[in-house]
1. Would you point out which residue out of B:G289, B:G254 is buried (at least 16 other Cβ atoms within 10 Å of the Cβ) and either out of contact with any His (no Cβ under 7 Å at 6 or more places or on another chain) or not assigned by TED's automatic domain parsing to the domain that holds B:P192 (or both)?
2. Of the conditions (1) part of a loop (DSSP other than H, G, I, E, B); (2) over 23 Å from B:L111 (Cα atoms), B:N447 clears all except one; give me its number.
3. Suppose the filter is assigned to a helix (DSSP H, G or I) and surrounded by fewer than 24 Cβ atoms within 10 Å (Cβ to Cβ); does B:L194 pass it?
4. So which residues in the range B:174-187 are touching a Pro at 6+ places or on another chain (Cβ under 9 Å) and buried (at least 24 other Cβ atoms within 10 Å of the Cβ)?
5. Tell me the residue from A:T186, A:T159 that is under 23 Å from the mean Cα position of the chain (by Cα) and among the hydroxyl-bearing types (S, T, Y), please.
6. Between A:D122, A:D82, A:D87, A:D95, which is within 22 Å of A:A185 (Cβ to Cβ) and at pLDDT 95 or above?
7. Just checking, which of A:E236, A:E240 is touching a Phe, Trp or Tyr at 6+ places or on another chain (Cβ under 8 Å), in contact (Cβ under 8 Å) with a residue 12 or more places away in the chain and away from every other protein chain (no Cβ under 14 Å)?
Amino acid sequence: MKNNNRFFQKNIKVLSLILLSVFLSGFSISKQDKSFQNDLEDNQAKPVEISSRVSPETGSDIKDEAQQMPVYGNWETFTVKDGLPADKAYCVRIDGDRVLVGTSAGLAVYENETWKTYTAEDGLAHNGVLSIDVSELTGDVWLGTLGGLTRWSAGRFETFTQFNSGLANDVIYTVICDGKDVWVATGGGAGSYDTYTREWGIYTERNAPMHEPWTYGVCAGGGKIFIAAWGGGVIEYTKETKQFRDYVDPDGEMEIDLFPDDGVIHDITTGVTFADDILWVATYFGLSRYDGTRWKGYLDHDSGLVSNFINFLKADGPVVWLCTDLGLSSFNGETWVTYRKNENNKKGKIIITEGENTKEISSTTSISHEFVIGVDTQDDVVWIATSKGVSRGEILKDLTAGL
Amino acid sequence: MILTNNTNVMKNQDQKIKLRVLVLTILTMFFLFPVSDLNGQDKKLNYGNTTDELVPYGRFQKAYKNFFDDVQPFTGAGREKVPPTDLTEVRIGFLGPLEGSILTPLGIQMLQGASFAIEEANNKGGYNGIPFKLMPHNDVGLWGAAANEVVKMNDEKVWAFLGSIDDINTHVALRVALKLEIPMVNSGDPDPTLTETRIPWMIRNIADDRQSSYALVNHIYREKKHSRIAVLRANNRYGRVGIMEFRDAALRYGFPLVLEIRYNDGEIDFATQIERMIKSSPDAVVLWGNAKETALIINQMRQMGMEQPVYGSDRLMSKELLEIAGENAEGLVTTCQYNPTLDEPNLVAFNKNYNERYGMEPDVFAAHAYDGMNLIIEAIHKAGLNRALIRDLLTDHKTFQGYQGITGELILDPSWNDIGSIWMTEVRDGKFDFFPTPPLISDEQENKKSTP
């Protein structure tokens with residue numbers, strides 16, 4: 001007994017030191033490492049050190065992939081004060097030297113550093129422009145509005161509605177051009193328009209494996225059309241065989257995700273995008289990735305995704321852009337980069353996440369609003385549409401994301 | 001003695017040292033393994049008044065993520081918008097089946113309930129002296145009409161809207177409401193999936209089919225001890241989605257349905273379906289659909305010799321059903337989202353005044369529309385003319401949590417679904433006799449009962 005007491009008395013300081021050091025090391029490996037502050041505010045963008053290691057999951061070198069993950073900054077914001085018809089912007093599309101923005105009060109075109117607005121008075125189906133795409137074949141601009149589909153061709157606006165065409169519904173959430181075909185996702189089903197034969201196709205629960213008639217997003221890629229069917233997961237249409245199939249949440253329950261990577265996270269899908277043979281699916285419950293064989297889910301509590309509430313998404317090569325209600329996230333399969341506003345001032349925050357490690361960088365400029373609704377990228381530039389204004393960012397050449 | 005004192009002192013020191021080591025160890029473990037670092041969700045909350053036995057996969061697997069443990073905020077802009085100063089009326093939208101649908105009688109009741117609330121509000125001076133004006137829209141028409149109608153409401157500059165009854169139309173409307181950021185109150189669609197969309201622009205002030213299903217499952221399997229249930233339901237979304245929770249709950253209690261078959265709206269001959277039900281030897285039948293067809297089914301069931309007890313969905317609590325089914329309806333048990341016969345002064349006054357105003361008794365859709373419209377009116381009074389601020393009040397789980405309407409107390413869960421009380425009815429002597437839904441009987445209670 002005495003010996004034991006002596007042992008404790010002698011070693012208490014040593015034991016305390018050991019426990020304290022373990023305790024402090026607990027801090028150092030915790031997820032949020034905010035000690036790093038890259039001083040972008042002084043325009044001294046410094047490359048973040050990237051450690052080279054091989055991913056056990058993919059066998060690829062994370063350093064190589066991370067180096068491909070650009071970081072954007074130098075945000076410039078445009079609002080009504082700068083010439084936009086409304087602050088609320090639904091979508092944005094870069095078209096060569098000009099930028100097309102769909103707002104709640106018309107189409108705004110940015111060219112030669114000035115904005116020009118087109119409204120229903122000019123021939124738009126409705127002033128609320130929800131989606132824009134440009135045909136690679138003809139250069140025609142297709143506009144999905146709250147009151148029909150509009151084609152802007154050679155300076156003329158032509159409108160398609162339920163009354164004069166085969167549109168399933170006049171609320172066009174998404175429009176895309178796929179060769180000569182135009183696809184739409186509407187409040188009453190998906191639709192296709194063959195611009196050569198002028199034939200329409202309507203796809204609903206009556207002729208496609210949809211649970212419900214309403215659709216929200218559509219994209220093309222890999223010889224297929226993918227439809228985000230609100231309440232019905234993702235509908236895949238193979239153009240060659242004209243066959244449909246669906247991808248739904250395997251657990252069949254709306255209130256839970258039973259297993260993380262068993263399929264699309266939720267049946268309420270809000271958008272789809274396809275690039276580099278990867279299908280990305282947005283929901284208000286998280287993000288799903290499908291490589292043709294396996295599904296992988298990303299939630300705000302287990303990844304760098306800033307919010308599960310994803311309004312829109314767009315893939316550009318290996319990088320997918322995610323418009324959420326808490327900012328803009330981007331992801332290349334390994335590294336997340338999120339752009340947010342600083343709550344206390346007009347500055348921005350760049351949050352880089354790789355695995356369990358996170359770093360936050362302060363930036364002098366910021367996206368115009370954290371409620372991001374649309375995005376488009378081209379070359380070194382990204383444009384976003386938000387709840388309050390439009391922002392343009394550019395690649396910070398000396399900075400790539402990595403930890 | 002000195003030795004004893006020394007021993008005591010050493011013992012005390014020893015205990016203090018051990019205590020320090022213990023505290024340090026606990027602190028170290030706490031910071032080394034913070035709970036928030038766990039990937040799976042550890043928080044245990046049963047969504048939608050679901051008992052442990054009825055949690056999806058709950059007997060076998062904990063879900064990786066429960067989606068409705070928290071509230072989805074609206075983080076967009078709009079709260080800073082200054083209200084207009086030149087208004088001559090404060091417009092509130094209405095979306096319902098007003099023409100061209102089998103639901104039109106329900107839609108008319110809903111419209112009358114909403115109009116009645118508007119009239120009362122205007123009699124009290126409107127909004128700061130400006131009258132409220134209801135902007136009615138029919139959700140039946142061209143494909144996806146509801147979407148187009150909500151856009152029209154936005155063009156009309158409504159501050160909020162009430163709608164609708166049909167599942168599909170209400171879902172479509174909600175999606176547009178989110179895009180256009182118009183606060184929405186749903187008073188007539190019990191589809192559980194409506195509020196499971198995570199859209200922070202709508203609240204529902206009527207109990208959903210999940211609550212109806214739990215009440216029925218408890219009554220049928222645990223109280224009445226039936227075990228073989230056949231279901232005949234409408235081949236529409238109300239029937240398909242409505243029965244979903246009942247089917248799942250029955251399965252989780254250990255009683256998979258012996259049969260589930262459908263009929264189309266407007267059918268009048270159900271002999272084929274009833275023959276199939278007879279062959280399945282059920283000890284009770286559940287009917288999920290509209291009143292008219294269900295009444296015809298009950299008549300034909302009795303004609304064909306089926307004497308089994310019949311249970312049904314909320315829409316069966318209808319005067320039309322009693323008129324068509326007559327004595328055959330005796331013993332029918334349904335759920336109902338409120339009790340119109342309660343001796344509550346506000347409810348009694350509403351029933352009387354509504355009857356005088358419209359020459360008919362209010363139904364469940366009229367009563368809930370009246371409450372729903374009053375929620376909108378009160379939110380406008382408190383928030384002012386700003387959609388985002390009106391939304392904030394409707395969804396804050398404070399301002400209207402526990403709101404006492406004529407249909408009862410409003411309790412909103414994190415998805416803004418009304419999980420307040422639900423009632424049950426039994427047809428006795430040609431009338432619906434209301435009784436409160438008994439508490440759900442757990443497995444443990446059930447096992448205790450069956451163990452001598």
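The values are calculated or read from the model by the stated rules, or taken from the named source; none is laboratory data. These numbers come from a predicted model, not from an experiment. Cβ atoms come from the backbone with ideal geometry, glycine included; neighbour counts cover every protein chain shown.
1. Residue meeting the stated conditions: B:G289.
2. Every condition holds for B:N447 apart from (1).
3. yes
4. B:A177
5. None of the other options fit; the residue is A:T186.
6. It is A:D95.
7. Step by step, each of A:E236, A:E240 is checked, and only A:E236 is touching a Phe, Trp or Tyr at 6+ places or on another chain (Cβ under 8 Å), in contact (Cβ under 8 Å) with a residue 12 or more places away in the chain and away from every other protein chain (no Cβ under 14 Å).
A quick yes/no check of all residues on (1) farther than 30 Å from A:G166 by Cβ; (2) among the hydrophobic types (A, V, I, L, M, F, W, C):
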site	(1), (2)
B:D70	yes, no
B:P97	no, no
B:I108	yes, yes
B:G113	yes, no
B:D139	no, no
